[in-house]
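Below: the structure, in structure tokens.
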Amino acid sequence: MRWRSFVAVGDSFTEGMDDPYPDGTYRGWADLVATRLAAEAGPEFGYANLAIRGRLFPNIVAEQVPAALAMRPDLISFAAGGNDVLRRGFDAGTLVARFDQVIAELRASGADVLIFRFADVMARLPGQRIVAPRVSILNRAVGETAERHGAIMVDLFADDEFHNPLLWGVDRLHLSEAGHRRVAGHVLTALGVESDPEWLLVPPRPAPTPWLAARGADLRWAGQHLAPWIRRRLTGQSSGDTISAKRPRLGPLAE
């Protein structure tokens, strides 16, 4: 087995929202991948997950990347930028250049590095005309960076199954349990590790919702999820302000 340790870096996507454990914390694709790698490596396998919801790219680089490098893992996953593309002040050139530098730094440590092309989440969200081109820029940079530095790319954007609404949570922004399992299957495939074949199964797409019922659902979603998100932007708050990393230290899964 090539990997004896794995550190996951990022935001809510890597923290595992919306795939809850019974205690209210989140599992997500990274925990699933760690469980599979640990089964191959044995009890000495170490795992840390430093991801925190709401984190912007600069915060992830400043706070999580040094911590991950200090652990000297065999495998690091880096997924960041998804929150940045939603911000008014998004600077594509700066983020793309810094992304390349960060992946070069992670690879220079000797670790294998996983990076992601984001799935098409904007298909069911407002603001697609503004945000979709930004995601396209970031996804293109991911592919170029993977090739330049020998990182392992997981191309979620190429998977049309992520247009299935059942792969997303009720907030339409975070993956559901089924979505996280599918990501985990893609990650393990990219690593050349066999995964549970059920993780790549997708529930049948629901029948189209009648127009009036769909508009009602949109209004409820806007009140429950969009309005609080806008309120946080206006007040300078983040959903992760009071959250700490769920696995801040490298250690066995049993910890």
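The values are calculated or read from the model by the stated rules, or taken from the named source; none is laboratory data. Note that the coordinates shown come from a computational prediction; the quantities given were computed from them, not determined experimentally. Note that each Cβ is placed from the backbone with ideal geometry, even for glycine, and that neighbours are counted across all protein chains shown. Areas reflect the complete protein model, heavy atoms only, side chains present, ligands, DNA and RNA absent. Shrake-Rupley method; radii C 1.70, N 1.55, O 1.52, S 1.80 Å.
How many of the residues making up the range 234-253 are part of a loop (DSSP other than H, G, I, E, B) and either free of Cβ contacts under 8 Å to residues at least 12 places away in the same chain or surrounded by 12 or more Cβ atoms within 10 Å (Cβ to Cβ) (or both)? Step through it out loud before you land on a result.
We begin by selecting, within the range 234-253, every residue part of a loop (DSSP other than H, G, I, E, B); these are 236-246, 252-253.
Adding the requirement that they be either free of Cβ contacts under 8 Å to residues at least 12 places away in the same chain or surrounded by 12 or more Cβ atoms within 10 Å (Cβ to Cβ) (or both) leaves 236-240, 242-243, 245-246, 252-253.
Total meeting the criteria: 11.
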Handout entry: Flag for residue 111 being of a type outside the set (Phe, Trp, Tyr), in contact with a Pro (Cβ under 9 Å, 6 or more places away or on another chain) and modelled with pLDDT of 95 or more
Key = yes
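Does residue 84 qualify as being open to solvent by 10 Å² or more (accessible area, probe 1.4 Å) and either touching a Phe, Trp or Tyr at 6+ places or on another chain (Cβ under 6 Å) or modelled with pLDDT under 90 (or both)? Write out each step before concluding.
On the way: open to solvent by 10 Å² or more (accessible area, probe 1.4 Å): yes; either touching a Phe, Trp or Tyr at 6+ places or on another chain (Cβ under 6 Å) or modelled with pLDDT under 90 (or both): yes.
Considered against the rule, which asks whether it is open to solvent by 10 Å² or more (accessible area, probe 1.4 Å) and either touching a Phe, Trp or Tyr at 6+ places or on another chain (Cβ under 6 Å) or modelled with pLDDT under 90 (or both), residue 84 comes out as yes.
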Exercise for the section: For the range 63-75, state whether one or more residues are open to solvent by 20 Å² or more (accessible area, probe 1.4 Å), modelled with pLDDT of 95 or more and outside any helix (DSSP H, G or I). Expected result: yes
Completion exercise
The residue from 220, 249 that alone is modelled with pLDDT of 85 or more and farther than 27 Å from residue 66 by Cβ is 220
Problem - Tabulated pairs, the range 130-158, first closer than 14 Å to residue 78 by Cβ and open to solvent by less than 20 Å² (accessible area, probe 1.4 Å), second of a type in the set (D, E, K, R) and in a helix (DSSP H, G or I), C-beta under 8 angstrom, 6+ apart or interchain - result: 141/100; 145/100; 151/107
Handout entry: Checking residue 105 against (1) assigned to a helix (DSSP H, G or I); (2) over 25 Å from residue 5 (Cα atoms); (3) touching a residue at least 24 places away in the same chain (Cβ under 8 Å), the condition it does not meet
Key = (2)
